[in-house]
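One structure below.
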Amino acid sequence: MNNVVAKTLIVLQLVFSLCFMCFAGAVYSFQKTWKDKAIASARQVSDLQKNLSDQQTARADEKQKLDADLLKEKNRADLAEGKLGDLTRDLALANQGRSSAEQERDKHLADLQVAQQESEARITETNASRSEIKALRDQMNEGIAQRRALEDQNLDRQGKIDEAVEREQQMLKEIGRLRDLCRVNKVDPNEAFAGPVPAAIEKVDGVVRQAKKNASRSAELVEISIGSDDLIEKKMRLIVYRGSKFICEIEITDVYPDMSVGRVIEETRNASIERGDHVTTKL
């Protein structure tokens with residue numbers, strides 16, 4: 001019985017020991033787990049506090065940066081607002097200038113239109129003036145042609161008048177010479193001629209072969225191409241001319257069958273004698 005009790009007590013002691021050991025192990029395990037959890041929680045709290053501090057520092061830095069950026073943006077906004085104001089004023093001035101420019105342009109366009117109308121009117125007037133000028137020029141050319149025709153007629157008539165006057169002067173000189181001759185020979189030109197009337201000499205023409213001074217150089221002698229075969233006689237007076245121009249008269253001094261020599265009558269000279277000038281008994 002005692003053994004049983006003893007065994008029972010041993011068993012109970014063993015059971016209690018096991019229970020105590022289990023309880024102690026549980027307590028130890030629970031204590032260790034709680035400590036680990038507490039350390040872990042403290043560590044987490046420390047980490048959270050550090051993270052919070054870091055975040056607060058970061059937020060502070062971010063806020064400071066944001067404040068700086070905000071200040072910069074505000075300054076930029078103020079600067080932009082100032083520039084906007086300047087641009088607004090410039091735009092207003094530009095609009096005012098554009099309005100003035102448009103008014104000036106409209107004025108210039110109106111002036112240009114008026115000038116164009118005036119130019120067209122002047123062109124029309126110019127064309128009309130050109131037509132009038134052309135008509136006047138045609139009339140003037142016609143008048144000039146008529147004047148030239150009249151001048152040519154006047155020159156022709158004047159030439160004929162001059163030729164007639166020259167012939168008249170030659171005839172007056174011839175009459176004067178004949179009167180002087182009659183006076184020297186004591187012949188009255190108004191009395192009837194007594195005796196046979198000399199045969200009238202037909203008109204005889206010749207040319208000047210040469211003209212030269214005599215030996216004493218007191219007179220100019222002219223050799224002509226007509227002579228006694230042409231009824232040329234001494235002391236006959238012949239006329240020397242060139243074209244329609246009277247040159248002089250010559251008095252025959254020597255006569256040969258086919259040529260004669262005459263002396264220039266200086267008081268009748270009108271020009272110098274040249275070889276090839278014409279000689280005639282009458283014009």
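Worth a mention:
- Stretchable slack from residue 128 to residue 225, in nm (0.36 nm times residue separation minus alpha-carbon distance): 27.9 nm
- Summarising the label geometry, the points placed 7 Å from Cα in the beta-carbon direction at residue 48 and residue 83 lie 5.0 nm from one another.
- Under-5 Å amide H pairs with residue 236, H placed in peptide plane, nonlocal only: 252
- Distance from the alpha carbon centroid of segment 66-109 to that of segment 225-259 works out to 119 angstrom.
- Label-point separation, residue 162 to residue 58 (7 Å along Cα→Cβ), nm: 13.4
- Förster radius 41 Å - calculated FRET efficiency between residue 116 and residue 147, Cβ distance, rounded to 0.05: 0.40
- Segment 203-283 - Kirkwood radius from inverse mean 1/r over Cα pairs (Å): 12.2
- FRET E, pair residue 18, residue 40, Förster distance 41 Å, beta-carbon r, rounded to 0.05: 0.85
Rule-based calculations on the coordinates, nothing more; no lab input. Given the structure is predicted, the values throughout are model-derived calculations rather than measurements. Neighbour counts are summed over all protein chains in view; Cβ atoms, including those assigned to glycine, are modelled from backbone coordinates with ideal geometry.
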